[in-house]
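A quick write-up on the structure given underneath.
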There are 2 protein chains.
Amino acid sequence: MSSQVGLERVVAPAGVLPQAAEKLDNSPEIGQDEVRIRVERLNLDAASFRQLETSHGGDGEAVRAEVLEIIERRGKMQNPVTGSGGMLIGVVDEVGPESPLGLTPGDRVATLVSLTLTPLAITDGLAGWDGRSEQVPCAGTAILFARSIAAVLPDDLDPLLALSVFDVCGAPALTSRVVGRYVSPLAGDGGPTVAVIGGAGKSGSLSLAAARAAGAVRTVGVVPNAAEQATLEASGLADAVALADARDPVALSAAVTAALGRPADVTVVCVDVPGCEHGAILSTAAGGTVIFFSMATSFAAAALGAEGLAADVTMLIGNGYVPGHADYALRLVREVPAVRALFEGRLAT
Amino acid sequence: MSSQVGLERVVAPAGVLPQAAEKLDNSPEIGQDEVRIRVERLNLDAASFRQLETSHGGDGEAVRAEVLEIIERRGKMQNPVTGSGGMLIGVVDEVGPESPLGLTPGDRVATLVSLTLTPLAITDGLAGWDGRSEQVPCAGTAILFARSIAAVLPDDLDPLLALSVFDVCGAPALTSRVVGRYVSPLAGDGGPTVAVIGGAGKSGSLSLAAARAAGAVRTVGVVPNAAEQATLEASGLADAVALADARDPVALSAAVTAALGRPADVTVVCVDVPGCEHGAILSTAAGGTVIFFSMATSFAAAALGAEGLAADVTMLIGNGYVPGHADYALRLVREVPAVRALFEGRLAT
């Protein structure tokens, strides 16, 4: 039986998951539940590319040679220094008869699982890349497992817009699910209140739209400066916009409570800044939920903070995967013009 | 209006929560919703005491002087190096008319919020302590806020046993709540399956008992060695006991699935070892929940791991506070002899 998560592709060390592997088997022949992609482009993780560029003093030729060497040695693109990868775009080449991913040969897809666990073989020596950008045009093959995630690129949206949306698509899906749990047709107050910390950003604006669509009675987007305040107010995505430093628990909770008229039933943390845990907890009503999407979240600060504040709140580690997350995020972009405008504004700059 | 969380007691810096404060106002006069405790004993956090002992080369007199100096300077016992505190035992002295804690003068209590946020004044110069143990007999006063937590020490249990239970009482309460959500009277399979990683420890054994009481149809306790395996098997607290390295995702998930007959609906992580995130996720069924109680949990490893495995699991940061948690844990100790025996066995060694 297949492991579904690619254990059969791990060459060394034995018994680890593909992400932790030093070397993967990148051969193009697929198993019964695998999918082969004809790769067109890699998008290297920003931290990985910066490290490579810095270590080679901006010598594109040397960067290109190192990326090629990493892929040939490891069977995947995982920067040994940063540990990070990126994602890829390509066309579905062959689909194993037992693949559950619902893909068809010819589909143009983006992989939503990291390159750090994706078997990858390059066949053109990266000849079309100058080593000076995270965008790596190339030819080769990549393998998806049964439990991989790939999204078909839509015909009606700019691929760069779609990729930008896919990058954060877990946030609106999980926000929608959690807010939906607080919606009761019998509730006297009409529904849950939602605070999104970092409401003007990519995941923040999608989460605000998702919260409203899921039945929030009132939403507030918290932003750190006047420019983001103006942007978010103009968008109309939040019922209220509050200016506050998310690292200041007292100021943040006061701003949220003032804007919503009471603490939030659901607080969504979308700012990649350390030290927002206590403010998010203090902004949340008893019985409420905090969803932490920020990778700067400290597990210990959240756990000890809630205990120290005697806060009966559910705290979720933001899982980037929710079934249907990519389609849901694209739907929000299509149906909520303000979200689309925010994303297109970011791409333009 | 009171902040309920002690903001009025923060002397410096302005605007932070008591835990982050450099100095608290430790004056014994209480506000309308505060409680004053007559302190009998401090239990210093183990990491804090070890640091103090090491830095003074085991000179108890010097350790005593430094603890006294810290408390006088900061108005609380928070080790400036480790950042940690501990807890205290005392007798309720005065209760403000608006305190919601339900305490009565004369109650003998243990505080379940950290000393790092508790205003504390020492009146005997720590004269009764030799500086050689984490247990600090002393006289003084401490203040509880409206949103503090204190548990009345029960008459029928050894205080050391009760303290040992209070130390981990958030785990069984949250486990019970989460498992209860998976119990459906209409479920054909009889109820949820539960895996407790680190099942022979303090929080682990309580969580196993809580899972069973909440309606789990089958439980497995995972342990790292033969000694713990024998202990847990003899206790009968788990339906199955599995020996596995929790840091090995493939081995852990295989052991859990074999023991339960399927992946766990709820996985509870109670081992303070880094690197257990992926194994816990892989051990959990789609739609299931992982509760991370280990302070060694990496937020990023959990978030990225679930995404990389396309795992639709809810991941909870184990909040040490659930209303009624101390009473619930004591009830399990009273009603489940095997839990009590495990705790008493640990105290005896």
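The values are calculated or read from the model by the stated rules, or taken from the named source; none is laboratory data. Owing to the predicted nature of the structure, the values given are computational and were not obtained by experimental measurement. Cβ: placed from backbone, ideal geometry, glycine included. Neighbour counts: every protein chain shown. For the accessible areas, the whole protein counts, side chains as well, though only heavy atoms, and no ligand, DNA or RNA atoms are used. Shrake-Rupley method; radii C 1.70, N 1.55, O 1.52, S 1.80 Å.
With the condition kept exactly as written, say whether any residue in the range A:206-227 is more than 22 Å from the chain's Cα centre (by Cα), among the basic types (Lys, Arg) and modelled with pLDDT of 95 or more. Within the range A:206-227 (the criterion being more than 22 Å from the chain's Cα centre (by Cα), among the basic types (Lys, Arg) and modelled with pLDDT of 95 or more), the answer is yes, since at least one residue qualifies. Looking at the structure I just gave you, is B:GLU29 under 17 Å from B:THR118 (Cα atoms), in contact (Cβ under 8 Å) with a residue 24 or more places away in the chain and open to solvent by 40 Å² or more (accessible area, probe 1.4 Å)? Spelling it out, it is not the case that B:GLU29 is under 17 Å from B:THR118 (Cα atoms), in contact (Cβ under 8 Å) with a residue 24 or more places away in the chain and open to solvent by 40 Å² or more (accessible area, probe 1.4 Å).
As a summary of the residue check, B:ILE197 satisfies the conditions (1) at pLDDT 95 or above; (2) closer than 30 Å to B:GLN135 by Cβ except for the one numbered (2).
Scanning the range B:80-108 for residues that are in contact with a strand residue (DSSP E or B) (Cβ under 8 Å, 6 or more places away or on another chain) and of a type outside the set (A, V, I, L, M, F, W, C) returns B:GLY85, B:GLY86, B:GLY90, B:ASP93, B:GLU94, B:GLY96, B:SER99, B:THR104, B:PRO105, B:GLY106, B:ASP107, B:ARG108.
For the range B:308-339, the tally of residues that are more than 7 Å from chain A (Cβ to nearest Cβ) and without any contact (Cβ under 8 Å) to a residue 12 or more places away in the chain stands at 3. You will find that of B:VAL92, B:VAL165, B:VAL152, the residue that is without any contact (Cβ under 8 Å) to a residue 60 or more places away in the chain and either within 30 Å of B:MET315 (Cβ to Cβ) or open to solvent by 10 Å² or more (accessible area, probe 1.4 Å) (or both) is B:VAL152 and no other. Checking each residue in the range A:271-296 for being aromatic (Phe, Trp, Tyr) and modelled with pLDDT of 95 or more picks out only A:PHE292.
The set of residues in the range A:64-87 that are modelled with pLDDT of 95 or more and not in a loop (DSSP other than H, G, I, E, B) comprises A:ARG64, A:ALA65, A:GLU66, A:VAL67, A:LEU68, A:GLU69, A:ILE70, A:ILE71, A:GLU72, A:ARG73, A:ARG74. The residues of the range B:130-161 that are within 17 Å of B:LEU52 (Cβ to Cβ) and either under 17 Å from the mean Cα position of the chain (by Cα) or of a type in the set (A, V, I, L, M) (or both) amount to a single one, B:VAL136.
For the range B:116-149, the set of residues classified as of a type in the set (Val, Ile, Thr), within 14 Å of chain A (Cβ to nearest Cβ) and open to solvent by 10 Å² or more (accessible area, probe 1.4 Å) consists of B:ILE149 only. Give the residues of the range A:14-26 that are open to solvent by 30 Å² or more (accessible area, probe 1.4 Å), small (Gly, Ala, Ser) and part of a loop (DSSP other than H, G, I, E, B), sorted by residue number. If the condition is that a residue be open to solvent by 30 Å² or more (accessible area, probe 1.4 Å), small (Gly, Ala, Ser) and part of a loop (DSSP other than H, G, I, E, B), then A:ALA14, A:GLY15 are the ones that fit. Do we have B:THR219 as open to solvent by less than 10 Å² (accessible area, probe 1.4 Å), within 26 Å of A:GLN4 (Cα to Cα) and hydroxyl-bearing (Ser, Thr, Tyr) here? Judged against the criteria, B:THR219 is a match. For the range A:264-273, the criterion of being within 25 Å of A:CYS169 (Cα to Cα) and polar (S, T, N, Q) is satisfied by at least one residue. Scanning the range A:64-86 for residues that are open to solvent by 60 Å² or more (accessible area, probe 1.4 Å) and under 23 Å from A:ASP25 (Cβ atoms) gives A:GLU69, A:GLU72, A:ARG73, A:PRO80.
Would you check if there is a residue in the range A:1-13 being open to solvent by 50 Å² or more (accessible area, probe 1.4 Å), within 14 Å of chain B (Cβ to nearest Cβ) and in contact (Cβ under 8 Å) with a residue 24 or more places away in the chain? Scanning the range A:1-13 turns up at least one residue that is open to solvent by 50 Å² or more (accessible area, probe 1.4 Å), within 14 Å of chain B (Cβ to nearest Cβ) and in contact (Cβ under 8 Å) with a residue 24 or more places away in the chain.
Which of the residues spanning the range B:38-63 are open to solvent by 50 Å² or more (accessible area, probe 1.4 Å) and assigned to a helix (DSSP H, G or I)? The answer is B:ARG50, B:GLU53, B:THR54, B:SER55, B:GLU61. Could you go through the range A:274-284 and let me know if any residue there is in contact with a Lys or Arg (Cβ under 7 Å, 6 or more places away or on another chain), open to solvent by 30 Å² or more (accessible area, probe 1.4 Å) and within 14 Å of chain B (Cβ to nearest Cβ). Among the residues of the range A:274-284, at least one is in contact with a Lys or Arg (Cβ under 7 Å, 6 or more places away or on another chain), open to solvent by 30 Å² or more (accessible area, probe 1.4 Å) and within 14 Å of chain B (Cβ to nearest Cβ), which makes the answer yes. Taking the conditions (1) among the small types (Gly, Ala, Ser); (2) in contact (Cβ under 8 Å) with a residue 12 or more places away in the chain; (3) open to solvent by 60 Å² or more (accessible area, probe 1.4 Å) in turn, A:GLY102 satisfies each one other than (2). Of all residues in the range A:327-349, those satisfying the criterion of being small (Gly, Ala, Ser) and open to solvent by 10 Å² or more (accessible area, probe 1.4 Å) are A:ALA338, A:ALA341, A:GLY345, A:ALA348.
I'd like to know if the range A:56-72 contains one or more residues that are in contact with a strand residue (DSSP E or B) (Cβ under 6 Å, 6 or more places away or on another chain) and not polar (S, T, N, Q). For the range A:56-72, residues in contact with a strand residue (DSSP E or B) (Cβ under 6 Å, 6 or more places away or on another chain) and not polar (S, T, N, Q): present. Looking across the range B:294-307, the residues that are touching a residue at least 24 places away in the same chain (Cβ under 8 Å), open to solvent by 10 Å² or more (accessible area, probe 1.4 Å) and either more than 10 Å from every other protein chain (Cβ to nearest Cβ) or not polar (S, T, N, Q) (or both) come down to B:ALA296, B:ALA301.
Take the range B:105-115 and flag every residue that is under 21 Å from the mean Cα position of the chain (by Cα), over 10 Å from B:VAL152 (Cα atoms) and surrounded by fewer than 19 Cβ atoms within 10 Å (Cβ to Cβ). Selection gives nothing.
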